[in-house]
Every structure is written in C-alpha cells, then in structure tokens.
C-alpha cells in the first residue's frame, strides 16, 4: 500500500506542478538515474528503455519549455565538470504542434524555473540552442541554420555550451550556436520531450545515446569558427545566418534589409540575411580591407578602410555599393571609418595622428580637410552619428576604463554615457535613436582584442537602463561598425568558437 500511495501522491503533485520535490524518487531508466515531469503538466509523462536496441522512448506533455518556466518530461542523471552527450533523435507520428520539442538538456535543478541549456529539435525541423541563465529568467535561443537533423550533440566545456548537428549515422558538425552559461556541480543532464500543448502527449525516441566527460586530446589544435548571427531586439532570439571556418568580421546591413556585408581576408562580401553563399564585392585595388566599413544613408555607396596602398596605412575610400573603383576620402592615415552623417555629407572616423587616436570628421566626397573633434589623452574610437545627426557616440578611455561617450556633431558638449567597471566599446544607436548596442569586455582587458569572453549589451538611452543581449566568445570583429537593420528590428554580429 505504501508503494501505491506514493504513486498516487506523485500524480497529484504533477497536477499541482510541484513534482520536483519527489523527482529523485522515480526509478532509473537505462543509464539514467531517474525520470520525472518538470513543472505543471496535465498528463504525466513516461519513459522506457529497450536494451536490445539501446533506444529510449520518452512521452511528454507540457505547455512549453520557454519563458520563465518549463513543463516537460525529463530523463536525467547527475553530472559534474565537462560533458558531451550525443543521440539520434526522432519524433513518433506527425504530432499536433510544430513546436513540440525533443531535447538534450542540461539543468541546474529539477525546478520548473531552473537555469538550463538544451539542444532542441522542434516538430517543424527548427533546431536551436535554448537557455535560461538563472532561475526565473527569460529563455532565449540561438537558432541553427540546419533543419531537421537526425543526430544532436550538446557539449559543455568550461563556461561554454555548444551545439553540434548531423544526419543519423553521419558526421556531426559545429552548428554555430554557442552561449556562455555557468552551472554549479552537480547538475542534471538528460533527454526530454515537451508537447507544446498542455492537453496532449507527444513521443520521441533517443537512440545510440553516448555520454562522456573526456576532453579532447591536449595535442589537438582547435579550429576557429565564425558564426554570422542576427538577433531580434523584441525577443532577443538569435539566428545563425552563415557559419565558416576562419575569421569573418563586422557585419553591416544593406538598405534593403535583406542583405548583410562582412569582411574576410582583405575582401568585402555580401550574403543574404536569411542565409546562403557569400559573394565577394569588387573593391578594385583595395585588397586589404579591414573591419571598418559601412553603407551610405541612401544605400548607394560603400565606405571601406583599406591598407593596400603606399605605406600600408589604413585609408578611407568610397565605391559603389555593388562594387567598383575606390575613390579616396582621407589622404592622411591611419584612418578607420565608423560613421556617416544622416544627410550623407560627412564621415566620422578614428584617426591615429602621431600616436594619438582621436575622432575626426571630413566631407564624405573627399573634397575637404579633416576636422579633429576630440583631444583627450588616450584612445577615442568608434564614432557613430545619432539618427538625427545632432550627436556622435564614441568610446573613450579618458577616465581609466573604456566607456561610451557622446558629443555634439561639432565636438562640443562631450559627456560620459556609461559608468561601470567594464570596458565598453563601439556604441551603435538604433534607427529611432532610443537604444544603444555596445560590446563589453571585462575590466582587466586592454584594447579590443579577438578571442575573448565578451558581452553584448543594450542601453535605453533615456533611462540609462542596461540589459544583456548575449554572452559569448568574441571581441575584435564582433560588432565594430553599424549593425542595425534599417527597420530597427534586428542587429547583426559575429561570434567565434575554437572547436577541437
């Protein structure tokens, strides 16, 4: 009778949404220690294991795994340290909701609002790295540009979790989806199913499940991957547009809102914002373009910073946005382009003159001399106009750490915008002038180097409130130049990962 009473009690607690308090009392399944419903579900889930085929079958209900709390069925074990889990994943039947989810999951606890990260295969083929950074926080995701993979892998190494995807029985490849998120030991790892509909139960199978804590061999040389991503500012969800080995940098948007630019190996490329193969832009003799480039307000010209001529100092040129011969704008170098006035008549840039980096402006058609706007000792960089053309935002280390500043377009009224213990670089005002996006390094990082832990942050200009858009491996090349889509709904940036 005690056994029966416990089962009835568990069902009652499932209906009440408090099953996590008894979750560890549920029996083992295969190589996992237990299984249980997480969160409030109307229909209790279940799990089974077939030793002959080494296949787990998981049935789960639940309204969603999203927002600030989850509801699904979880098959789990406790783990510590680094870990890799891989499985073939498939849904059973057509299903009811295209957003039903079958996942490989790491969770801090079995509470409904726990911090977590998962690689989630949706019923419609969408596959994403989903995560909640702390208890009760809002979930976010990085959507892969691969649809309907048959085999999934989640990798936890240090403070990063990455997603690998492939066909059933085929080679797994890095998906471009990664996030920096911290878990305390021990944590939970396992497989799970959510129906995305509280009134039904969905089923998925997980086969050839492999789990290891072994790190890659120390002698193996990691490969750098670049992931060009876009992010919705309304939901903060991210999507991988283009993934490649090696380094790409500094995406801009064309005025059609459908095309992105980036630089790689001294060239400028364009790629559809929905994904596709990049195409090189003809920049004539300018074959050493760096990551300081951007599009004119009317969408007809491309500004580049190139160091292929003369003394190999970076000079600013313009050319037709579709490609063509460059026209010199700044005969003095090094000069690094960063902003275009809304009327298209003036450029703002960072110039190194006798070892002092300051903000300058010059006529965009190259017809006049430059005007120096800042004179503070140290580094002033990253100038970008407000959408009304009245202000220029920039970053400066004149107070000790790198902070965001702004000034009138004539250089007057210089004032500090961010005041914190971090190093804040490359402020980008939104098209409506209400929001800034900028890149943050830790306080002990000097300059804006590549391959660092960085945070992409957003500030409401009026209230000065700041929130986090993403925490990832990045730095130089992530978001150096104007990154907002013309409609102000999305931004573009590059994240990096060193993959063994």
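Where a number appears in this text, it was derived from the coordinates with a stated rule and is not lab data. Computed from a prediction, not measured in an experiment: that's the story for all the values here. FYI the Cβ positions are ideal-geometry reconstructions off the backbone, even for glycines, and counts take in every protein chain you see.
Here the translational diffusion coefficient of segment 129-237 follows from Stokes-Einstein with Rh set to the Kirkwood radius across Cα pairs; for 37 °C and 0.692 mPa s it amounts to 200 µm²/s. Residues within the reach of a label modelled at residue 312 (point 7 angstrom out along Cα to beta-carbon, backbone nitrogen below 15 Å), restricted to segment 273-302, are 287-290. The packing ranking, built from the mean of other Cβ atoms within 10 Å per residue, places the peptides 337-349, 308-320, 117-129 in the order 117-129, 337-349, 308-320, highest first. Structural size metrics of segment 223-499, computed from C-alpha coordinates, are Rg and Dmax of 17.0, 48 Å.
Let me make sure I get this right: for segment 296-394, a, b and c are the square roots of the gyration tensor eigenvalues over alpha carbons, sorted descending. Under 1.5 in a/c it's rounded, otherwise prolate if a/b > b/c, else oblate. Which is it? Oblate.
Contact order, relative form, for segment 223-499: 17 percent (alpha carbon pairs under 8 Å, 6 or more residues apart, mean separation divided by residue count). Per residue, the convex hull spanned by the alpha carbons of segment 353-477 comes to 123 Å³.
In plain terms, the bigger the Kirkwood radius, the slower the diffusion; for segment 2-212, with that radius from Cα pairs, at 25 °C and 0.890 mPa s, Stokes-Einstein puts D at 147 µm²/s.
Per-residue Cβ neighbour counts within 10 Å put 456, 254, 224 in the sequence 224, 254, 456, beginning with the fewest.
Extension gain, residue 147-residue 489: 0.36 nm per intervening residue step, less the Cα-Cα distance, totals 120.7 nm.
A Förster distance of 35 Å, applied to the separation of the beta-carbon atoms of residue 451 and residue 354, puts the FRET efficiency at 0.70. The candidate values are (1) 24.3; (2) 24.9; (3) 22.5; the one derived from this structure for Kirkwood radius over Cα pairs in Å carries the label (1).
Of the peptides 323-335, 225-237, 190-202, the order by per-residue mean of other Cβ atoms within 10 Å, starting with the highest, comes out as 190-202, 225-237, 323-335.
Fewest neighbouring Cβ atoms within 10 Å first, the residues 74, 393 line up as 393, 74. Dividing the summed helix terms, -39500 (n - 2.57) for each DSSP H run of n ≥ 4, by the number of residues in the chain produces a 222 nm estimate of -1000 deg cm²/dmol to the nearest 500.
Could you tell me which of rounded, prolate or oblate describes segment 261-301, using a ≥ b ≥ c as the square roots of the eigenvalues of the alpha-carbon gyration tensor, with rounded for a/c under 1.5 and, failing that, prolate when a/b is larger than b/c and oblate otherwise?
oblate
Compared with the dominant Cα axis of the chain, that is its longest principal axis, helix 2-16 is turned about 30°. Separation of segment 313-375 from segment 194-243 is 41 Å, based on Cα centroids.
Each Cα pair under 8 Å and six or more residues apart adds its separation to the average, and for segment 108-193 the resulting relative contact order is 24 percent. A Förster radius of 41 Å combined with the Cβ-Cβ distance from residue 432 to residue 375 puts the calculated FRET efficiency at roughly 0.85.
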